[in-house]
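The values are calculated or read from the model by the stated rules, or taken from the named source; none is laboratory data. Predicted model, so just to flag it, every value in this text is computed and none were measured. Neighbour counts are summed over all protein chains in view; Cβ atoms, including those assigned to glycine, are modelled from backbone coordinates with ideal geometry.
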Amino acid sequence: MFVNDCWRKSHGECAFKSLGRLSFQPLSENPLLGPSCSTLDEMGALRQNFLTNKHQTWRLFTCLWLHAGAIHLTVNLCSVVFIGIHLEQEFGSLRIGIIYILSAFCGSLVATLFLQNRPAVSSSSALFGLLGAMLSGLIRNWKFYINKFAALVALICITMINLVLGLLPYVDNFSNIGGFISGFLIGFVLLFSPQLRQASQKKSSLFDYRVKRSIKLKLKLDRPALRSVCLVLFAIILAGCLVAVLHGVNVNQYCSWCQYIDCVPSKWWSCNDKALPCKTMVTGGRLMLTCTGNDNFRVFPFTNISQTRIEDLCSLICS
């Protein structure tokens with residue numbers, strides 16, 4: 001938000017104005033209490049135009065570190081901490097770290113295949129990788145766990161909350177889906193048995209399991225064939241996404257309704273991705289922007305405004 005500087009660039013038309021430079025864009029512009037489109041672009045968000053025309057492939061990695069706003073950051077962070085701690089305690093930091101990184105990258109690739117001409121961030125793909133791994137771990141080790149249904153309910157609730165969040169602008173739901181599928185497959189490869197601990201050291205948790213039966217069940221559930229199949233499937237998906245991205249494939253050309261999986265339009269926010277130009281007119285210290293597509297216009301009581309900010313406002317007027 002320091003880079004966004006809503007107070008100066010938007011001339012005080014911000015949410016939580018008392019924060020000054022750290023204030024957020026208006027909710028009509030970013031309902032997640034976050035920065036403007038131009039700031040997300042500047043910080044490295046995904047956008048179709050930047051990848052296809054300007055070939056800025058580095059955005060595949062920078063988008064993984066960005067959040068669409070304070071609400072997105074809070075929900076994402078709380079979910080990662082809740083799920084990540086339990087998974088790390090049961091399966092170790094190395095295996096969970098591998099799942100986290102691979103699912104994040106794979107989610108970014110999937111998001112690229114469905115990109116539109118608006119900013120998109122993919123930081124939630126790593127979280128969904130953990131959620132997918134949690135599901136595969138539960139399925140693979142179902143007989144281990146005591147609180148299996150509580151864990152399943154927690155998994156469903158966290159997944160649904162974050163999927164609904166992905167229906168808002170700037171949060172890419174396709175990266176979430178890609179991360180979930182990747183984590184699910186890698187989970188079958190790596191999470192074939194929990195780390196066995198002494199019963200005296202085990203604390204009550206969401207993933208409590210029967211220690212006395214663990215060693216015997218571990219031998220029964222350790223099926224190399226299943227792990228091999230899941231590993232091959234993940235490799236095929238990863239390679240296929242890489243090839244499709246390199247060839248500039250855009251699935252939206254073949255799926256007109258796919259855009260609604262990523263963003264659902266509402267009267268409170270816009271999912272418009274069409275770059276419609278605006279006519280600018282300066283009179284009496286006021287700036288009037290008129291959308292050439294629908295003739296909507298708006299008058300602003302200032303003229304000292306950057307071109308990138310004009311593009312942001314034009315996108316709102318034309319939506």
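Residues that are β-branched (Val, Ile, Thr) and out of contact with any strand residue (DSSP E or B) (no Cβ under 9 Å at 6 or more places or on another chain) within the range 246-282 comprise VAL249, VAL251, ILE261, VAL264, listed in sequence order. Of everything listed in (1) under 16 Å from the mean Cα position of the chain (by Cα); (2) surrounded by 14 or more Cβ atoms within 10 Å (Cβ to Cβ), the single unmet condition for ALA151 is (1). When the test is whether a residue is within 13 Å of the chain's Cα centre (by Cα) and assigned by TED's automatic domain parsing to the domain that holds PHE184, ALA70 does not pass it.
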